[in-house]
1. Examine the stretch A:33-51 for a residue that is in contact with a Leu (Cβ under 6 Å, 6 or more places away or on another chain), modelled with pLDDT of 95 or more and under 19 Å from B:W59 (Cα atoms), and state whether such a residue exists.
2. Tell me which residues, restricted to the stretch B:30-75, are more than 7 Å from chain A (Cβ to nearest Cβ), touching a Gly at 6+ places or on another chain (Cβ under 8 Å) and farther than 18 Å from B:T13 by Cβ.
3. So which residues in the stretch A:3-15 are in contact (Cβ under 8 Å) with a residue 40 or more places away in the chain and acidic (D, E)?
4. Which condition does B:V27 not pass, out of (1) at the interface with chain A (Cβ under 7 Å from one of its Cβ atoms); (2) buried (at least 22 other Cβ atoms within 10 Å of the Cβ), if it passes all the others?
2 protein chains.
Amino acid sequence: MDLADLQDAIERTYGERDRARGVPSTVAWLAEEVGELAQAVRKGNHAEQVHEFGDVVAWVATLANQQGVDLSEAVQRYMEGCPRCERLPCGCP
Amino acid sequence: MDLADLQDAIERTYGERDRARGVPSTVAWLAEEVGELAQAVRKGNHAEQVHEFGDVVAWVATLANQQGVDLSEAVQRYMEGCPRCERLPCGCP
């Protein structure tokens, strides 16, 4: 799954409504979904976890769209080892 | 950016350490990063926001790796309109 394709699908599905509701509401929704993911990881089954991971990534994509952030650019620094210690695998203390 | 490639890079960089530290620690780290993203969205500049979005997606990928979840599969249900109301754009009340 390409992150740009996901951001585009999320924009077409939710962009207008999300912008009307405003950024603080999206941050609140994202926080709620992260809480649901934490619960699913603690006591949910695999299907429930897949569901909640999808919701969290979708809300991150919504917020990124609202802020004009390209998620592909954002994660690029993680593609060649740890961006902090610059080692692969990470050797941070 | 392909989500599977990101999960693979994160696995090679952090997989062994993350598994040793355990899932609750990863959930705590993710929560911390979501807080930093919320702050960057409220008062950070574009570069700071890009940085924090990258961190959040990376920690979601770490947690997904630990749980054996394929993020590409997880977001698939968002690719054809709203998975709840099945409309494009979303028409949920």
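The values are calculated or read from the model by the stated rules, or taken from the named source; none is laboratory data. Quick caveat: nothing in here was measured; it's all calculated off a predicted structure. Ideal geometry is used to build each Cβ from the backbone, glycine not excepted, and the neighbour counts take in all protein chains shown.
1. Within the stretch A:33-51 (the criterion being in contact with a Leu (Cβ under 6 Å, 6 or more places away or on another chain), modelled with pLDDT of 95 or more and under 19 Å from B:W59 (Cα atoms)), the answer is no, since none of the residues qualifies.
2. Hits for the stretch B:30-75 are B:H46, B:E52.
3. Narrowing the stretch A:3-15 to residues in contact (Cβ under 8 Å) with a residue 40 or more places away in the chain: A:3-4, A:6-7, A:10-11, A:14-15.
Once the filter is applied, which keeps residues that are in contact (Cβ under 8 Å) with a residue 40 or more places away in the chain and acidic (D, E), the stretch A:3-15 yields only A:E11.
4. (2)
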